[in-house]
Amino acid sequence: MLLIPCPFCGARDETEFAYGGDAGVERPTDPEAATDEAWTDYLCFHDNPKGPHRELWFHRDGCRRWLEVERDTWTHELGAVRLSRP
Amino acid sequence: MRRQPFRAAEGGHLIDRTEPLRFDFDGHRHEGYRGDSLASGLLAAGVRIVARSFKYHRPRGVWGFGPEEPNAMVTTGVREEARPNLKATEVPLSEGLEAFGQNAWPSVSWDLGGAAGLAGGLMPAGFYYKTFMAPARWWPALYEPLIRRMAGFGPAPSAPDDAFYAKRRIHADVLVAGGGPAGVAAALAAARAGARVVLADENVRFGGDLLRAPGEIDEGDGLDWIDTAVAELEAMSHVRLLRRATVAGYYDHNLLTVAERPGGEAPAGAPAARLWFVRARDVVIAAGAHERPLLFDGNDRPGVMSASAAGGYAHAYGVLAGRNAVVAGNNDSIYRVARLLRSAGVGIAAVADTRSGGDIRDLPCRAGGTVERVLGSRRVRGVLLRRADGRAGDKGERIACDLVAVSGGWSPAVHLHAQARGSLGYNEERGLILPDRPGGANRSAGAAAGRFDLDGCLAEGWTAGVAAAASSGHERPAGEPPRSPDRSAWEAPVFWQTGGGKRFVDLQYDVTAADVDLAAREGYRSVEHVKRYTALGMGTDQGKTSGMAGLVLLSEALGRPVARTGTTTFRPPYTPVPMAAMASGLIGEGRDALRRTAADDWHEARGALFTAAGLWRRPRYYPREGMDEEEAISAEVRETRAGVGIVDVGTLGKVDIQGRDAAAFLDLLYANRMSSLKTGRGRYGLMLREDGRVFDDGVVMRLGENHFYLTTTTAHQHEAMQHIELLLQTVWPELEVYATDVTEHWFAAALAGPGSRALLGRAAPELDLSDDAFPMMAVRAATVAGLSALVFRMSFSGELSYEIAVPADQGLALWTRLLTEGREDGLTPYGTEAMGTMRIEKGHVTHAEADGRTTPDDLGLGRMVRAEGPGIGKRSLELPALRRKGRQQLVGLSVIDGEARIPPGCQVVESDDMKPAPPLGHVTSFCYSPTLGRALALALVENGRARTGQTVYIASPMIDLSMAAEIVSPVFYDAQGTRLHG
């Protein structure tokens, strides 16, 4: 079980957090102008790397902030944890 | 006869001879002492056959001393009290303990299944895979029950286990796994440095190997030194000592589980087992080592025992595992064991050392000799010794004995190191698999790291403790590490086997050396595949004694170095953990927090039957004298529609939204426009997921220019808040909006029915309730029943209705005052069943319809979606898949037979012939409508709206049910909405 160092609350158990998926996905700024293909890419086609991954975690039972966490999907080692901002 | 014929006259530091205990094994009464394990008690009583083996039902005795025990599998208790698959070495003796040997009928000493042993040659590796092949239809009826009966372990208890099990979560700077000399030295160093230390050991007493054999530390008795150190640790408030607690699992980020099993007669109130979750900054793995067997014909016979265990029973329990012993092995530890046995009163017939030259004058040594074969079938009667180097012309030597104590060297317990994904290395010269690079903040010390001398263990443990404490910033403690004159390293050349015959590698699963050889000849190369094919190492002991032997045999058969074969994966748990301890807190009452609304006390006093809604409990209905469930619910509906009812809606999610950009944000959050709302007005809103499916619905009220109050469904209140925070924090952080979950701040109750205006008019006399002054979807601040409140005019029931919200601490007051005030109106409290019935009659959707697959158009709400704008989910509605014809759409189903009732889980089909056919759709919600006098359903049906007027069938093939229904509009009742005005 991961121990996630929340910048506000300190290191906390994974059970306090909700997973939010790939942090690298950018929402098209003008959805109406996006082609069907570009929109479905945004919706459905995300990378699933073995190794370093930037992902969103919501500190649900803590400060309620969405965090961007660098996690190695193979070793579960965590890198930088920071506030999520696009 | 003496009660304990194999108990030495004195000795045994774990037992209390002043307190005899009686226990039963396989129906026979025996006696032991307080402090005994079941294994030592059985040995003292002279019971040699303790269980039968898994496959061949061969008689088996006690082999080991602790969790490595492969043989002595027992069940304690009977029927609902039964605890199967325990190791006799780990069961503490208690007064009146009832235990049974496993895998035998009618008893271990006279077992019918033992006949399988005679045919043993017929069950080679992969027997089940090869034999029970075809026909496949024989599997459920014949093969599976047969295999289960043959291969089963102990019986499952016949009733739920009502004992108390517990979990605890703690943090530590240093967790020390194992309380032998290395572990205690590590704990002492780390604790003196000031680190918060948890020291866990599987035994009732700390000491590790010193429990089994004496040693000298700091010029005194080793165990005395341990006791002194433990007393010092116990006195420190930042140290926690866990006895009979095995560190079982090593997980991500240094989270470890420790299975604590007080066992025996635990103090009142103590759990039967407790699972600790320890988050440790650093871990010292001082888990010791397991003694390896020697492979010779009949090495499984009762009386063949791990040498250190045989010595341990003498030293720790004063128990003689035999009267006359042959000690055999390939390392110096056999001399220590031989002397221990001799001083306890066991005759030493021979000491066979596979190495040449190790001749010790005071013992009957056979240098360069080893056991070739065990004589005797039900128990050891003697051995045939031969020269280990296989010199020609050696006829061997028969020696009578009843105990064969063997040592094939030692395997460091690298399990935790490997579970943490540390790498392992094979030391060819020493024949040891050793921890290499650690995976995570941990360090191995002592025998677990391949140090077998007491002095080395102490020094290494101390150093590890200092280093582990430094991980959490603690300075090196004062003082020197403890020392011992014992520097005897038990190096053992790799030497495993002699001769042919039945040489068992895995005693628990009856895997022989020939089985491993066969697997290699049949083409198995991977050690993981050989493990699964032969079942080697798959028993409850997880190959603690057999793993290394199997590895060496396989490598020899394949003609490649051991290092290339590698090991199987070490997975948690290290020893079996009771399922009940794992399940503790996850089942039964107390699993979840229970949320109660402010009016919950009233509901309970009124005798409401509750239903769970997320963590909330809500009244389902209020039972009535002389009415069944449907009648009581129908009465609630009828009285509300004819008069006035009240329902607790305090469980709805409530969010307060404020800020300069609040209105703009709500346009993005909802599929319909919210910025056009006037202050004091509200609107029903749909939230979509980004993929266009309906996520949640609720009402948005504008309380001020930049101030909104919105409700979410009870079920999605957390997800909705998470969704709102995601959008505000990651997608549109530039918006100045503050969202606060105020679900717990407000209580709300809805008054519904034509009589609600009159009742509310008396409760809030200054409020003008006329349609003009207080129209539908308006919100007003008012004093209701003397309480400061927000009043919303909205309706879920289809009747004239007002929702009244007050601060939660005044919720009960509001509820009771309204009920008092409403007595003259016949005010009826109603529950979720009546609420659900009325909403089905009105065709309102809930999560049964908005099930994560439906779009607004599927639900008939397509017109609510504002065409323009970048709101969440709207772009997806234009994707071809969401616009195509033939999607399932929400319809009403009116059941034609007025007496019929709809069961749960029904499909909607075109024909009533009950033949398998793809359904048109399924029933999402159903009720008996007292208003219309028939059963109604909402359903999602392919092209549903175009089928209005058609007859379809509501079918449940599981119960052979089919009923005709007409497809109608989902709004069954008052389609014009005239009743909303009272």
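The values are calculated or read from the model by the stated rules, or taken from the named source; none is laboratory data. These figures come from a predicted structure and were not determined experimentally. Glycine also receives a Cβ, built like all others from the backbone with ideal geometry; neighbour counts cover every protein chain displayed. Please note that ligands, DNA and RNA were not included when accessible areas were found on the heavy atoms of the full protein model with its side chains. Shrake-Rupley method; radii C 1.70, N 1.55, O 1.52, S 1.80 Å.
Each Cα pair under 8 Å and six or more residues apart adds its separation to the average, and for chain B the resulting relative contact order is 9 percent. Structural descriptor for the stretch B:348-388: relative contact order 35 percent, calculated from alpha carbon pairs under 8 angstrom and at least 6 residues apart.
Helices in chain B, meaning DSSP H runs of at least 4 residues, each add -39500 (n - 2.57). Divided by all residues, the mean residue ellipticity at 222 nm is -6000 deg cm²/dmol. Translational diffusion of the stretch B:612-763 was estimated from the Stokes-Einstein equation, with Rh taken as the Kirkwood radius over Cα pairs; at 20 °C and 1.002 mPa s the coefficient is 123 µm²/s. Using the structure shown, select from B:55/B:87; B:395/B:502; B:167/B:654; B:395/B:544 the pairs with a Cα to Cα distance greater than 25 angstrom. From B:55/B:87; B:395/B:502; B:167/B:654; B:395/B:544, over 25 Å: B:167/B:654; B:395/B:544. List the pair-distance distribution P(r) of the protein assembly as shown, using every Cα-Cα distance, as the percent of pairs falling in each 20 Å bin from 0 up to the bin containing the longest distance, rounded to whole percents. Per 20 Å bin, starting at 0, the Cα pair percentages come out as 11, 31, 27, 22, 8, 0.
Max-minus-min Cα coordinates of chain B on each principal axis give 115, 72, 57 Å, with the largest extent listed first. Mean-square fluctuations from a GNM of chain A, with a 10 angstrom spring cutoff on Cα atoms, peak among A:11, A:23, A:34 at A:34. Taking every DSSP beta bridge that has both ends in chain B, the antiparallel portion is near 75%. For the stretch B:514-568, the share of alpha carbon pairs falling in successive 5 Å distance bins from zero is 4, 23, 37, 25, 9, 2 percent.
Taking amide hydrogens as placed 1.01 Å from N in the peptide plane, the amide H of residue B:924 sits under 5 Å from those of B:938, B:939, B:940, each at least 5 positions away in sequence or on another chain.
How big is the A/B interface in buried accessible area, both sides summed, 1.4 Å probe, to the nearest 100 Å²? For A against B, buried area totals roughly 2500 Å². The calculated FRET efficiency for residue B:162 paired with residue B:962, based on their beta-carbon distance and R0 = 45 Å, is about 0.55. Take each residue in A:31-40, count the other chain C-beta atoms within 10 Å of its C-beta, and the mean is 4.
Across peptide B:690-701, the mean count of Cβ atoms from other chains lying within 10 Å of each residue's own Cβ comes to 1. Please list log₁₀ I(q)/I(0) at q = 0.10, 0.11 Å⁻¹ for the stretch B:718-875, using the Debye equation with identical point scatterers on the alpha-carbon positions. These q points yield log10 I(q)/I(0) values of -0.50, -0.61. Net length available on complete extension from residue B:776 to residue B:612 is 56.0 nm, with 0.36 nm assigned per residue and the Cα-Cα distance removed. On the beta carbon distance between residue B:323 and residue B:3, with R0 = 25 Å, the FRET formula returns roughly 0.90. With all protein chains in place and ligands, DNA and RNA left out, the 1.4 Å accessible area ranks B:914, A:1 as B:914, A:1, largest first. Peptide B:250-258 has a mean shielding of 3, counted as Cβ atoms of other protein chains within 10 Å of each residue's Cβ.
Average projection, convex hull of the Cα set of the stretch B:362-492: 12.4 square nanometres. Counting only protein heavy atoms and a 1.4 Å probe, the protein assembly as shown has 41 square angstrom of accessible area per residue. Modelled this way, with points 7 Å down the Cα-to-C-beta line, the labels at residue B:971 and residue B:377 are 8.8 nm from one another. With kT/(6 pi eta Rh) evaluated at 4 °C and eta = 1.567 mPa s, and Rh the Kirkwood radius from Cα pairs, the stretch B:13-59 diffuses with a coefficient of 111 µm²/s according to Stokes-Einstein.
For the stretch B:698-810, list log₁₀ I(q)/I(0) at each q in 0.16, 0.23, 0.24 Å⁻¹, using the Debye formula over Cα point scatterers of equal strength and ignoring solvent, two decimals each. These q points yield log10 I(q)/I(0) values of -0.81, -1.36, -1.44. Please state the Cα pair-distance histogram of the stretch B:211-288 with 5 angstrom bins from zero: what percent is in each bin? Reading upward from the zero bin: 3, 12, 16, 19, 22, 17, 10, 3, 0. Its residue count N sets the reference 2.2 N^0.38 Å, and the alpha-carbon radius of gyration of the stretch B:567-698 equals 1.66 times that reference. Placing a label point 7 Å from the Cα of residue B:232 along the Cα-to-Cβ direction, the residues of the stretch B:172-210 whose backbone N falls under 11 Å of that point are B:185-193. Between residue B:394 and residue B:342, residue separation times 0.36 nm minus the direct Cα-Cα distance comes to 15.8 nm. Shown here are the Rg and Dmax of the Cα trace of the stretch B:1-110, at 13.2, 41 Å. Extending 7 Å from Cα along the Cβ direction at residue B:360 and again at residue B:476 yields two label points whose distance is 3.8 nm. Taking chain A as a Gaussian network, where each spring joins two C-alpha atoms under 10 Å apart, which residue of A:22, A:30, A:61 fluctuates the most? In the Gaussian network model the winner is A:30. Looking at the calculated P(r) for the stretch B:244-397, what percent of the C-alpha pair distances fall above 22 Å? Summing the P(r) of the stretch B:244-397 above 22 Å gives 55 percent of all pairs. A cut-off of 5 Å between modelled amide H atoms, ignoring neighbours fewer than 5 places along the same chain, links residue B:613 with B:618.
Rounded to the nearest 0.05, the FRET efficiency derived from the C-beta distance between residue B:95 and residue B:718 at R0 = 41 Å is 0.20.
In terms of its C-alpha gyration tensor, the stretch B:821-954 has an oblate overall shape, because the principal axis ratio a/c (a ≥ b ≥ c, square roots of the eigenvalues) is not below 1.5 and a/b does not outweigh b/c.
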